[in-house]
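What follows is one structure encoded as structure tokens, with my remarks underneath.
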Amino acid sequence: MIENHPQNLSKLQSDFKDLVLEEKNKLATHKPEFLNDSETVDWKKRLGIYQYAVLERQIDSLKDDFEITEKVMGKEPFRRMVIACLKKYPSTYHSLAELSQNVPQFLTEFEETKTQPWLYELAELEWRLIRASLSENFIVNNLSELQNEENQGKDLTFLLNPSIDLFFSKYSVQNFFDDPKAPRAESASYLLIFEKDRSGVYEVLDKNEWTLLKELRTDIPLSKLNQVFASLNVDEAKLGEYFMKWSNAGFISAFK
Amino acid sequence: MQKGLELPFLGFGAGLRHEHFDDFLKHKNQVIQWVEVVTENFLPWEDEVPRYPYKILESIRKDFPVVFHGVSLSIGSVDPISPSYLKRWKQLISEFNPAWVSDHLCWTGVKNEKLHDLFPLPYSNEALSWVVERISRVQEFLGRRILIENVSSYVSFSDDEMTEWDFLAEVAKRSDCGILLDVNNIYVSSRNHGFDPLDYLKAIPKDRVGQIHVAGHTDKGDHCIDTHDHPVCDSVWDLYRWAAKNLPEVSAMIEWDDRIPTLERLEEEVSKLKRIWKEENDRKSSSKFVEATIGL
Ligand SMILES: [Fe+2]
């Protein structure tokens, strides 16, 4: 776009964007020159249609994705936070679905919420659930090939179902899903997130199982996983039990 | 077959919304002959991780022709077109082989900010050259023609040097793209800017129109808003009637995106498209074309 960059169009788009993002009560009294007049509808009203659509569409999308965070914070504080977030981190995404990823980080920066770390964790959990709900979830049923002779004695690497995510919460924020007024005290939880019937769901795991799945997620070969398991100082027979459970639940999608 | 663009006549369709995924998967739909999906809902994430609805689209396309309709190409923006977006779009096209693909004659953001709305362009010669060059480059990259849709608008600009319909016709001619003609958007804009919607329709080169959108809007008395949350109003049905008569080879569909009705209610609207098309074309001739294309 170096050659023939359209100067007038450039200025118009930049000015129009500023107008659309301007707060209504701060708009100038006089109509900007680049807008045509209309005999029937005032320019501020016509511009307001864009202002409303741009802001509310983004707020609605964030409200949908952070339903529990909104309940815990309250409607008005949540709206203030979201508006401030959009101002600090305007969307650079093609899809509205991606916009939500900015919210957890912003909660640690926003004056009204930065001293409430559980809000960051809760928003992060909600974002990861959204992401899981829209992720691929495929199961490759070739685990029976594990029995084949050619695979015996090989150092296998197991691949996890792509919708799987592992989340650690210092505040057990999953409790807010049942009760937005749940205690804000420190209490650790190890969560497994995955896709089920087009929703993101979570399951609370014990720390050992969670740690192993986390290692498995890094494409670690079985021999090294055994070492991790040994370091956890748990009965080795448990590993087979875990594998059986993971493969039955479709968490392991393949091996190589 | 649409002769100018050589696109197949798919009949009467609807926008596929997730509220109806299960209905489609369970084959409850009896009326809708093809579906349009929003490209962005099926693109991989920006970090290129695939998205789950892929599986649903794979099943649905076994039973219905699918077309892709984008909302964020931002063909009129002065920002560069994102290479990652184009790459992911092209990949999606190669995986699903849609009958055609489309986006809007608008811009959606500038200075790397995306505002997630469809803003009109000034209808100037400068904007015309800009858009024509960008469409040509996109088509070259995708290796296929795209359709460009007219948007509803609430403002117009003092830089305008021609009407919207002359601008659209010229864009299509110069860039060799097709037109997705939205008769509801024409109606909404005609109310907001005070022109005759038939002047618009008559000025569009017929051989360039590849698809028709019909939708509902909100009438605020002194202006209209393109909300896609209502049944189609009589004035818009009249415009579709004109299109059915004058563009009989062009596939048409209903867009209903908010306060989404049951599948049965959506099917009623799609049936009405079919009925009007049949009335106009039965009246016009008893040619075998009518029966062959509509499958009646
Ligand atoms: Fe449309």
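All of the numbers you see were taken from the coordinates with simple rules; none came from a lab. Worth saying up front: this structure is predicted, and the values here are computed from it rather than measured. Positions of Cβ are backbone-derived with ideal geometry, glycine not excepted, and every protein chain shown enters the neighbour counts.
At a glance:
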| quantity | calculated |
| --- | --- |
| Residues that are more than 16 Å from the ligand (Cβ to nearest atom) and either surrounded by 15 or more Cβ atoms within 10 Å (Cβ to Cβ) or part of a helix (DSSP H, G or I) (or both), drawn from segment B:192-207 | B:H193, B:F195, B:L198, B:D199, B:K202, B:A203, B:K206, B:D207 |
| Candidate set: segment B:243-266, residues that are surrounded by 15 or more Cβ atoms within 10 Å (Cβ to Cβ), more than 16 Å from the ligand (Cβ to nearest atom) and under 29 Å from A:S61 (Cα atoms); chosen: the one farthest from the other protein chains (Cβ to nearest Cβ) | B:P261 |
| Members of segment B:222-242 that are away from chain A (no Cβ under 14 Å), hydrophobic (A, V, I, L, M, F, W, C) and surrounded by fewer than 22 Cβ atoms within 10 Å (Cβ to Cβ) | B:C233, B:W237, B:W242 |
| Candidate set: segment B:92-115, residues that are within 22 Å of B:L16 (Cα to Cα) and more than 16 Å from the ligand (Cβ to nearest atom); chosen: the one farthest from the other protein chains (Cβ to nearest Cβ) | B:A99 |
| Single unsatisfied condition, A:V234 versus (1) part of a loop (DSSP other than H, G, I, E, B); (2) in contact with a strand residue (DSSP E or B) (Cβ under 7 Å, 6 or more places away or on another chain) | (2) |
| Candidate set from segment B:155-191 (those that are in contact (Cβ under 8 Å) with a residue 40 or more places away in the chain and small (G, A, S)); member that is nearest to the other protein chains (Cβ to nearest Cβ) | B:S175 |
| Only one of A:T157, A:T218, A:T211 that is out of contact with any His (no Cβ under 7 Å at 6 or more places or on another chain), away from every other protein chain (no Cβ under 14 Å), over 27 Å from A:E67 (Cα atoms) and surrounded by fewer than 16 Cβ atoms within 10 Å (Cβ to Cβ) | A:T218 |
| Qualifying residue in segment A:16-26 (condition: over 24 Å from B:S152 (Cα atoms), within 14 Å of chain B (Cβ to nearest Cβ) and either over 21 Å from the mean Cα position of the chain (by Cα) or not basic (K, R) (or both)) | no |
| Subset tally (residues that are surrounded by fewer than 21 Cβ atoms within 10 Å (Cβ to Cβ) and not small (G, A, S)) for segment A:55-71 | 10 |
| Candidates A:Y171, A:Y202, filtered to the one that is touching a residue at least 40 places away in the same chain (Cβ under 8 Å), on the phi < 0 side of the Ramachandran plot and assigned to a loop (DSSP other than H, G, I, E, B) | A:Y171 |
| Close pairs (7 angstrom Cβ cut-off, 6 or more residues apart or separate chains): within 7 Å of chain B (Cβ to nearest Cβ) in segment A:42-63, among the hydroxyl-bearing types (S, T, Y) anywhere | A:R46/A:S38; A:R46/B:Y154; A:I49/B:Y154; A:Y50/B:Y154; A:Q58/A:S91 |
| Test: residue in segment B:121-128 that is of a type in the set (S, T, Y), more than 16 Å from the ligand (Cβ to nearest atom) and within 8 Å of chain A (Cβ to nearest Cβ) | yes |
| Search result, residues across segment A:183-194 that are touching a Ser or Thr at 6+ places or on another chain (Cβ under 8 Å) and surrounded by fewer than 17 Cβ atoms within 10 Å (Cβ to Cβ) | A:S187, A:A188 |
| Elements of type strands (runs of 3 or more DSSP E) contained in segment B:105-177, each with 1 or more residues being in contact with a Lys or Arg (Cβ under 6 Å, 6 or more places away or on another chain), surrounded by 15 or more Cβ atoms within 10 Å (Cβ to Cβ) and not acidic (D, E) | B:107-110, B:113-119 |
| Any pair with Cβ under 6 angstrom, 6 or more apart, that starts in segment B:205-221 at a residue that is within 14 Å of chain A (Cβ to nearest Cβ) and ends at one that is assigned to a loop (DSSP other than H, G, I, E, B) and within 13 Å of the ligand (Cβ to nearest atom) | B:H217/B:D226; B:H217/B:T227; B:T218/B:T227 |
